[in-house]
1. Restricting attention to the stretch B:30-51, does a residue exist that is assigned to a helix (DSSP H, G or I) and in contact with a Gly (Cβ under 8 Å, 6 or more places away or on another chain)?
2. Do any helices (runs of 4 or more DSSP H) entirely within the stretch B:103-189 hold 2 or more residues that are over 23 Å from the mean Cα position of the chain (by Cα) and closer than 21 Å to B:I74 by Cβ, and if so, which?
3. Could you grab me the full set of residues in the stretch A:320-350 that are over 27 Å from B:A40 (Cβ atoms) and in contact (Cβ under 8 Å) with a residue 60 or more places away in the chain?
4. When the stretch A:154-180 is examined, which residues are found to be within 22 Å of the chain's Cα centre (by Cα), of a type outside the set (A, V, I, L, M) and surrounded by 24 or more Cβ atoms within 10 Å (Cβ to Cβ)?
5. Give just the number: which of (1) among the hydroxyl-bearing types (S, T, Y); (2) in contact (Cβ under 8 Å) with a residue 60 or more places away in the chain; (3) within 16 Å of ligand 1 (Cβ to nearest atom) does A:Y137 not satisfy?
6. Report yes if A:E243 is outside any helix (DSSP H, G or I), of a type outside the set (S, T, Y), modelled with pLDDT under 95 and farther than 28 Å from A:M170 by Cα, otherwise no.
7. Would you mind stating whether A:L233 is crowded, with 23+ Cβ neighbours inside 10 Å, part of a strand (DSSP E or B) and modelled with pLDDT of 95 or more?
8. Given the conditions (1) of a type outside the set (V, I, T); (2) modelled with pLDDT under 95; (3) surrounded by fewer than 20 Cβ atoms within 10 Å (Cβ to Cβ); (4) not in a helix (DSSP H, G or I), which single one is not true for A:E37?
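The values are calculated or read from the model by the stated rules, or taken from the named source; none is laboratory data. Quick caveat, the model's predicted, so the values are computed rather than measured. Note: ideal-geometry Cβ built from the backbone for every residue, glycine included; neighbour counts use all protein chains shown.
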Amino acid sequence: MADFEVPELKETLDIPKYVDGVMAHSAPYTAKAEFQEALGFPGELPENWQQVALEKMTDLRTRYRSFQVYLDICVKCGACTDKCHYYIGTADPKNMPVARQDLLRKVYRRYFTFAGKYFPKLVGAVDLTKEVLDDWYSYYHQCSQCRRCSVYCPYGIDTAEISMAAREIMDSISIGQKYCNEILGKVFVIGNNLGLPQRALADTLEGLEEEVEEDTGVAVKFPLDQKGAEILLVPPSADFFAEPHVDGLIGYAKVFHEAGASWTMSSYASEAGNFGMFIGSYEVMQKAALRIRKAAIDLGVKRIIFGECGHAWRVAYAFLNTLAGPFDFLDPRYPVPQHICEYTYDLIQKNRLKFNKSENDHMTLTFHDSCNVARATRMGDKPGGQFDIPRAIIKAACNNYVDMPADTIGEATFCCAGGGGILTDDLMEIRVKGALPRMQALKTVSVEDGVTHMAAICAICKSQFTKVIPYYGFTMDQIVSVHQLVSNALVLTGATGENDSSENDEGNTEKE
Amino acid sequence: MSALSVSYAILFYFAFAILVGGLFHKIRQYWRTPTPLKIATTPAPVTQTGVILRMASEIVLFSSLFKSNKWIWIFGWMFHVSLLLIVLRHFRYFVDNTSIIWFWVPLVQPFGVYAAFTMIIGLTGLLARRILVDRVRYISSPSDYLMLLLLISIASSGAMMKFVSHTDIVSVKAFFSGLMTFNFQPLPGDPLLLIHLGLVATLMIIFPISKLLHAPGIFFSPTRNQIDNPREKRHLAPWAAELEAEKAK
Ligand code: SF4
Ligand code: SF4
């Protein structure tokens, strides 16, 4: 099935002894000059590339406290060495978080610290050579910026910050990753990562309306570019067509329908995911984020709600207000932005949604906490809401739910191994190997608790899992969207299809 | 005064200047570097009080390290608490313990004495891990081993003066009081004492140019010290505000 060895699922998850250089060959395709230039990066490697790269490093050190402090303060305690799913899955020592940071740190030390300038051997400082640059390209594209290491570091050192800086430094000397940078091009020209134009979106949504009506007998709308709507929904573009994403989109629409909400999507801002974060560029990330602000203003909405997407929720929750705020033109009664799970959860709390849980009885579910939702964001007003709210939704819609082992969920969750710009076919090996810890945890609950399906709230997680899960002996359809479960069980007012339960309909008709 | 006393006096002035000047420089650098984005590792406190508690538990209990690795935690915590007790104990060489604000100095003395042993045990544990655990060995540079050896040597030379070959601590106190009041006094020529003090001065000098910067640095770690309130309060770095102003033009 693969031209590399797929790790074996054992009884427990072992921390491997390191094997030098086993993943050195893994590197994604580089972006063509035209795509680099479109993002404002040089198209060709400058002759004095070392100097340019070092200047960029200084620029970033003076603009990001995290970068400067984290380059200085690592004590090499080793606490993070066994925490990265890519190390666990590959045994390549450069996939240990501290070693990944060191690829950049040893150059920082060489050029910018006393010890590194005068005693390089003593402190492991090295010159910036072509070999070092190759290592950067290779190993900074084996980090999904999942922040698991940052939870366990005594100083909170976040390797994601270092990876982002490294990618920005490489972009500054023309070396960009094809996958991320070409996608960003599509966002700026067309409006979403998949390059779906307005016409195609409209057709897709119309098709969905027909499909849902056929299924349920209820005219659930999927509005696009509707001026004057109250809510702007920004879904990840995968939600428009791919399985199981699209079932999630159907779930959102049904929830809005039941709430009687006036909502719309935007063809101009039809992408929740913001790849600007993956390449570490504030400017690019801001440019993409401003599209959402513009769409909200143009459509005259009062609220912004994001669909199920992990890294997207980070940019939305933690950065959007900074990048594209202030949002004083929106309804101040709601946080900006909100997550679709917060919205649905709120309706559940208010008893506004009715579920027929038995619709999901053919499944026993578990929930994968997406890395960036878990460790970089929140839902609701209490810390940890990002764990409780999605679970509460699943439990409201399903009878059978089991958590995976405690050290693999919540803040300790293992990344799907496809985040942060890794979700590309040219990185298949690292994607498959990095998924090992999550697959191991899934196997545990499959065997012990009869779990049949794993729900997720991230477009990347869903795409990644449906692709890599077969390597571990599971099947694609075992991955579901959280709002797909909602969609299955939600009792629609006036439904005639299999969801019909008209005697229970009263009490569901109140409108916002 | 002997040439020896003079050299040690100069050494300590120099070490002190590097330590204070270097730390001042680094702290100012950290202070002045903006944090353009909210990057608290969540779940994170949503109030300032919450953040103070989070930081306190990191600094006093090493709580993240505890979650992470019990061996590193036990050795590391043992070493740091011992070091704290020992430093407090050494105040008796610098302060006038007849004054009321220093009432606690005599009280820590008995703890300080045994702390030398726990410090050595903690450091040896860390050194053993560095050598024995393959992953930790991989990430270690010569300086990482030397740092541990330096600390072990400081602790053992100090402990030996206490338990094996006593030194004239009254003169030592006079020497350091003299340095502080510019009323120079001779330093006893004990080899153990000279080694101990030489190593301590070395530690002071490398402090601001090494990984020991983790001590001030942890206070500046945005993943730990930020309040989780990006939706409630707009966070904007000065350079980002400039960028925005430029665009608005
Ligand atoms: S846990 Fe933190 S301080 Fe320790 S080695 Fe890893 S990055 Fe460095
Ligand atoms: S951020 Fe995640 S992928 Fe990157 S080094 Fe840390 S644990 Fe590994």
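1. Residues of the stretch B:30-51 assigned to a helix (DSSP H, G or I): B:30-32, B:48-51.
Among the residues that remain, those that are also in contact with a Gly (Cβ under 8 Å, 6 or more places away or on another chain) are: B:30.
Checked against the condition, which is being assigned to a helix (DSSP H, G or I) and in contact with a Gly (Cβ under 8 Å, 6 or more places away or on another chain), the stretch B:30-51 yields at least one hit.
2. Numbers: elements: B:104-132, B:134-139, B:142-163, B:169-181.
Here the list reads B:104-132, B:134-139.
3. A:L347
4. We begin by selecting, within the stretch A:154-180, every residue within 22 Å of the chain's Cα centre (by Cα); these are A:156-168, A:171, A:176-180.
Filter again for of a type outside the set (A, V, I, L, M), leaving A:156, A:158-159, A:161, A:163, A:167-168, A:171, A:176-180.
Residues satisfying the conditions are A:G156, A:D158, A:T159, A:E161, A:S163, A:R167, A:D171, A:G176, A:Q177, A:C180.
5. Of everything listed in (1) among the hydroxyl-bearing types (S, T, Y); (2) in contact (Cβ under 8 Å) with a residue 60 or more places away in the chain; (3) within 16 Å of ligand 1 (Cβ to nearest atom), A:Y137 misses just condition (3).
6. Working: outside any helix (DSSP H, G or I): yes; of a type outside the set (S, T, Y): yes; modelled with pLDDT under 95: yes; farther than 28 Å from A:M170 by Cα: yes.
In short, yes.
7. On the way: crowded, with 23+ Cβ neighbours inside 10 Å: yes; part of a strand (DSSP E or B): yes; modelled with pLDDT of 95 or more: yes.
Yes.
8. (4)
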